[in-house]
């Protein structure tokens, strides 16, 4: 993974992100789906298995560290700034923003991405 972004997430944050990625998987079935949706959908399976395995290991009580590819983190950062995904998504967005800033990798996307 090139420049992995490590996120320390509570279970409810990881679950909210997992549900969002699952929606992207469903959206990607449309032949007209955008490339960014397909990138997020392709990451769903890996993230889903990471969330499920960590829940059983730590019983959902502790924060866990998840590695997310830079491409996925940047796409989520941009999309979630345009959407109202709820409190958990906003919390994850703040963590992604912090990590991208610390890596000096904040995206400069064109307005036509979404």
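Readers should treat all values here as calculations from the given coordinates under stated rules, not as data from a laboratory. Computed from a prediction, not measured in an experiment: that's the story for all the values here. Ideal geometry is used to build each Cβ from the backbone, glycine not excepted, and the neighbour counts take in all protein chains shown.
Looking at 55, 51, 72, can you tell me which residue is outside any loop (DSSP other than H, G, I, E, B) and under 20 Å from residue 107 (Cβ atoms)? Write out each step before concluding.
Working: 55 fails: under 20 Å from residue 107 (Cβ atoms); 51 fails: under 20 Å from residue 107 (Cβ atoms).
On inspection, the qualifying residue turns out to be 72.
Tell me yes or no: at least one residue of the stretch 67-75 is over 21 Å from residue 2 (Cα atoms) and surrounded by fewer than 18 Cβ atoms within 10 Å (Cβ to Cβ).
no
Considering the stretch 7-23 alone, what residues qualify as being outside any strand (DSSP E or B) and either under 11 Å from the mean Cα position of the chain (by Cα) or crowded, with 21+ Cβ neighbours inside 10 Å (or both)?
13, 14, 15, 16, 17, 18, 19, 20, 21, 22
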